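The structure under discussion appears below in the form of structure tokens.
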Amino acid sequence: MSLVGLSVEEVPTPALLLDLDNFEWNIAKMFSFARSVGVGVRPHAKTFKAAAICNRLISEGAVGVMTQKLSEAEALLHSGILYGDKNILMSQELTDPGKVERLVGLGAAMGEGKILTSVDDVREVDMLNEAALRWGVKQHTVIEMSHGRCGTAPGKPSVELAKHIAKLPGLVFRGIYGYENTVKRELALERDKLTVDTAEAIRSAGIPVEIVSAGSTDTYEVTGSYRGITEIEPGSFVFGVGPEGSGYGWGSNNDVYFKSSLTVLTTVIGANFQDRVELDAGSKELSGGNPRAVPPVLASVGGEAIHFDRASLSEEHCTLYFEAKDSDRGRLTWGQKIQLTPSHCCTCVNQHDEMLVVKKGRVAAIWPITARGKYT
Ligand SMILES: Cc1ncc(COP(=O)(O)O)c(C=O)c1O
């Protein structure tokens, strides 16, 4: 039996829910900002993984999407969403010749420039070039410039790598990305300057730089309005950021706010004790979440927050503990449905095959999580 049309109260639990109104509000906020400052948006699909969400974002004007993994890119490219000039930029580097073969073969099958890949090492670059020459296609590449994770150092090392790429007949150099992470405004500005200055240095060496990408949900305004950044790559904004979740935990370094749209619907399956209730979803459905987020979940009934002392997650249970002063325990009864907001949206989504899209309290559609469980 299809769940479409059921009220949230009738949905068997656990189930991943997407609140359509809040989700659409988030998309509208991000894209109206981007239009106002004239920056492109390439949402990071590692967050939401669903082709239907990519599609909504592309219809809104996204230049394409990012993925972290090659297998995520394969799943999304094969789902047929990246029509016209839309493409995927893969943000994680490859060292494995088998993956290089898969990537370049994918480009040969889907069309040149449909999948761009990030590089930070001459050995990776040379492997890509060789594979591209063998397949008779050109592999489009972007240098990842490091702000503390993978990547080449800003300045000279990035320029030298760009010069090397520009000389190779199997490759096309498209630009750089310098993901500055979820950091405070001042640090984001310092990092954006390094990224943009490095792009300028590459241009001064006579190499065109089309893409200069950076930006997370937390820094989208700072980075999106930084002169010289051509596109931003936020992901978790679609599911919210702010005191009511979800993103990575409940907060933001820069007072960024998007509405919470992602929850796991659970049922109270144990209500025999005054100091606690047990729910039928644990780390298996919510993921371990963000280890820095305390409590690991937020709980609500019909959109109204439940105040509890602490929560603990075991594999198949979430236990909410109450102190005598916590009057909300009295609101919870055996068999009742409760929505939990996970403390890390991306890893929570990865635990589910599909999300139920809810509008006006009813399931409007069921969206497959196209690129879930894609680790390679
Ligand atoms: C390279 C890269 N770009 C963009 C993002 C998106 O960050 P957020 O979900 O905070 O918007 C991430 C997240 O980890 C990332 O690794």
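The values are calculated or read from the model by the stated rules, or taken from the named source; none is laboratory data. Only a predicted model underlies this, so the values are computations on that prediction, with no experimental measurement involved. Glycine gets a Cβ as well: all are built from the backbone with ideal geometry, and neighbour counts include every protein chain shown.
The table below gives the values:
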{"read-out": "Cross-chain or 6+ apart pairs with Cβ under 9 Å, segment 99-120 first and farther than 26 Å from Arg149 by Cα, then aromatic (Phe, Trp, Tyr)", "value": "Gly105/Trp135; Gly107/Trp135; Ala108/Trp135"}
{"read-out": "Condition check for Ala15: within 24 Å of Ala299 (Cβ to Cβ) and more than 16 Å from the ligand (Cβ to nearest atom)", "value": "yes"}
{"read-out": "Out of Ser225, Ser236, sole residue that is polar (S, T, N, Q) and within 13 Å of the ligand (Cβ to nearest atom)", "value": "Ser236"}
{"read-out": "Elements of type strands (runs of 3 or more DSSP E) contained in segment 128-246, each with 3 or more residues being free of Cβ contacts under 8 Å to residues at least 60 places away in the same chain and either more than 21 Å from the chain's Cα centre (by Cα) or surrounded by 23 or more Cβ atoms within 10 Å (Cβ to Cβ) (or both)", "value": "139-144, 171-177"}
{"read-out": "Condition check for Ala305: over 20 Å from the mean Cα position of the chain (by Cα) and touching a residue at least 60 places away in the same chain (Cβ under 8 Å)", "value": "yes"}
{"read-out": "Qualifying residue in segment 247-269 (condition: in a strand (DSSP E or B), within 30 Å of Val196 (Cβ to Cβ), within 16 Å of the ligand (Cβ to nearest atom) and free of Cβ contacts under 8 Å to residues at least 40 places away in the same chain)", "value": "no"}
{"read-out": "Matching helices (runs of 4 or more DSSP H) fully within segment 28-111 where at least 1 residues are of a type in the set (Lys, Arg)", "value": "51-60, 97-110"}
{"read-out": "Lone unmet requirement of (1) modelled with pLDDT under 95; (2) on the phi > 0 side of the Ramachandran plot for Ser246", "value": "(2)"}
